[in-house]
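Undergrad: Please read through the structure below; I'll follow up with questions.
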Amino acid sequence: MKLGLGLYKHMLTKQNYQFAKQCGATHLVIHMVDYFKQGKGNPSDNQPTGGDKGWGMAGDPDKLWSLDELLQIKKEINEAGLELEAIENFDPAHWHDVLLDGPKKQEQLENVKTIIRTLGEAKIPIMGYNFSIAGVCGRITGPFARGGAMSVGMESSDDTPIPNGMVWNMIYDTNAKEGFLPQITHEELWSRYENFLNEILPVAKESNVIMALHPDDPPLPFMRKQPRLVYQPEMYERVIKINPSKYNQFELCLGTLAEMSEGNVYEALDSFTKQNRVAYIHIRNVKGKVPRYYETFIDDGDLDMHRIIEILQNNNYTGLLIPDHTPQMNCAEPWHTGMAYALGYLKGIIK
Ligand SMILES: [Mn+2]
């Protein structure tokens, strides 16, 4: 297996590539969407959380990621001695009506296809995504981790409706008419997803880009009055059933799986890696399950990291493993020390 690091858009710098290399990472996952435009409520040295306005503004709807831009980033990453393995998450500005079944759906499905073809041309092997209307929302920040380290958790579900113009916890239209997104059923969400997968996977195959689905975090049946897609491990089976293409894979988030009320993380990991459905893995630890859980240091939660690495080694998993989120350590560089700690711990176990 390969050990890597995920970097947010504002962290795509030579210094951070060197930092990753110094931690023993060989591969990077990068974000091209900037989640850190919502002001000082969400410091840029932590994972994005945000209040009822979410993570702030989505990107430019008329500007898809260009081949030149991706090649330049890839070149700088390669110069630091690393490989670019995946891009994580589409920009709501480019595909909001695919999620919402809105008037621009066809046009935006073409956006997604263009993006996948661009990744293919840049030889970036994986596109991670999250097919979610509410996105990663409803969490709180507090001194929940060991030693009072600031961390993220959940203490109750968030049932506030999502205003028009917002999806996946970002605002894509500041002039949207008053009111809220209509409530839909789980079946309607699966039907939108099925349509998306069947449109996109042939392009993914032509472009040799694997599509990797993140589960819903936090994994409750509904968040902000909208249904969630994959909120129990077994629901990933339905994803494969819809379309068995080998380009249809998972961005398996072990922390999210641990937060789920049913199923068994180890069995799910064993089964999905044996079926070659795991494009890459988010690894982090957590105490508790929805609707009440807290993110912890990697060695301090409910998940047994030795057991996880053992499953991956037994199944000859050759994909990438990256730390997901970590608590913030009290020092000048809370994000970096958290990541260095997680990477060092994982490297030790793997060895
Ligand atoms: Mn994750």
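The values are calculated or read from the model by the stated rules, or taken from the named source; none is laboratory data. Note that the structure is predicted; figures quoted are calculated from it, not measured. A quick note on method: Cβ atoms are made from the backbone with ideal geometry, for glycine too, and the neighbour counts reach across all protein chains shown.
Undergrad: How about the range 255-267: which of its residues are out of contact with any Asp or Glu (no Cβ under 8 Å at 6 or more places or on another chain) and surrounded by 22 or more Cβ atoms within 10 Å (Cβ to Cβ)?
TA: Leu257, Met260, Val265 - these are the residues of the range 255-267 that are out of contact with any Asp or Glu (no Cβ under 8 Å at 6 or more places or on another chain) and surrounded by 22 or more Cβ atoms within 10 Å (Cβ to Cβ).
Undergrad: Of the residues Val230, Val278, which is closer than 19 Å to Glu85 by Cβ and within 16 Å of the ligand (Cβ to nearest atom)?
TA: Val278
Undergrad: Looking at the range 320-339 only, could you name the residues that are crowded, with 21+ Cβ neighbours inside 10 Å and either within 16 Å of the ligand (Cβ to nearest atom) or assigned to a helix (DSSP H, G or I) (or both)?
TA: Leu320, Leu321, Ile322, Pro323, Asp324, His325, Thr326, Pro327, Gly338, Met339 - these are the residues of the range 320-339 that are crowded, with 21+ Cβ neighbours inside 10 Å and either within 16 Å of the ligand (Cβ to nearest atom) or assigned to a helix (DSSP H, G or I) (or both).
Undergrad: Output the residues belonging to the range 238-255 that are more than 16 Å from the ligand (Cβ to nearest atom) and closer than 14 Å to Tyr317 by Cβ.
TA: none
Undergrad: Given (1) assigned to a loop (DSSP other than H, G, I, E, B); (2) touching a strand residue (DSSP E or B) at 6+ places or on another chain (Cβ under 8 Å), identify the lone condition not met by His96.
TA: Going through the list (1) assigned to a loop (DSSP other than H, G, I, E, B); (2) touching a strand residue (DSSP E or B) at 6+ places or on another chain (Cβ under 8 Å), His96 breaks only (1).
Undergrad: Can you name every residue in the range 296-316 that is polar (S, T, N, Q) and out of contact with any Pro (no Cβ under 8 Å at 6 or more places or on another chain)?
TA: Gln313, Asn314, Asn315, Asn316
Undergrad: I would also like to ask the following. Wholly within the range 102-215, which strands (runs of 3 or more DSSP E) include no fewer than the required count, namely at least 2 residues that are under 19 Å from the mean Cα position of the chain (by Cα), within 16 Å of the ligand (Cβ to nearest atom) and touching a residue at least 12 places away in the same chain (Cβ under 8 Å)?
TA: Result: 126-129, 149-154, 210-213.
Undergrad: Could you tell me whether Lys37 is surrounded by fewer than 21 Cβ atoms within 10 Å (Cβ to Cβ) and without any contact (Cβ under 8 Å) to a residue 40 or more places away in the chain?
TA: In short, yes.
Undergrad: Spot the failing condition for Ile308; the list is (1) in a helix (DSSP H, G or I); (2) within 15 Å of the ligand (Cβ to nearest atom); (3) β-branched (Val, Ile, Thr); (4) within 16 Å of Ala212 (Cα to Cα), and only one is missed.
TA: Result: Ile308 passes all but (4).
Undergrad: Can you tell me which residues in the range 240-254 are surrounded by fewer than 22 Cβ atoms within 10 Å (Cβ to Cβ) and either among the aliphatic types (A, V, I, L, M) or part of a loop (DSSP other than H, G, I, E, B) (or both)?
TA: Ile240, Ile242, Asn243, Pro244, Ser245, Lys246
Undergrad: Would you check if there is a residue in the range 285-299 being closer than 14 Å to Asn130 by Cα and within 13 Å of the ligand (Cβ to nearest atom)?
TA: No: zero hits.
Undergrad: Tell me, which residue of the range 223-239 that is touching an Asp or Glu at 6+ places or on another chain (Cβ under 9 Å) and over 22 Å from Leu100 (Cα atoms) is surrounded by the fewest Cβ atoms within 10 Å (Cβ to Cβ)?
TA: The residue in question is Glu234.
Undergrad: Continuing with the same structure: Would you confirm, using the coordinates I've provided, whether Asn89 is crowded, with 17+ Cβ neighbours inside 10 Å and not small (Gly, Ala, Ser)?
TA: Spelling it out, Asn89 is indeed crowded, with 17+ Cβ neighbours inside 10 Å and not small (Gly, Ala, Ser).
Undergrad: Is there any pair linking a residue in the range 239-254 that is at pLDDT 95 or above to one that is acidic (Asp, Glu) and within 16 Å of the ligand (Cβ to nearest atom), with Cβ under 7 Å and at least six apart or on different chains, and which?
TA: Final answer for the pair search is Cys253/Asp217; Cys253/Asp324.
Undergrad: Cβ-Cβ under 7 Å, sequence separation 6+ or interchain: first residue in the range 256-267 and farther than 17 Å from Ile309 by Cα and away from the ligand (no atom under 16 Å from the Cβ), partner assigned to a loop (DSSP other than H, G, I, E, B) and of a type in the set (Asp, Glu). Which pairs?
TA: Taking only residues 6 or more apart or on different chains, the pairs are Gly263/Glu234.
Undergrad: A follow-up question, please. Identify the residue in the range 22-65 that is assigned to a loop (DSSP other than H, G, I, E, B) and of a type in the set (Val, Ile, Thr) and, among all such residues, is modelled with the lowest pLDDT.
TA: Restricting to residues being assigned to a loop (DSSP other than H, G, I, E, B) and of a type in the set (Val, Ile, Thr), the top hit is Thr49.
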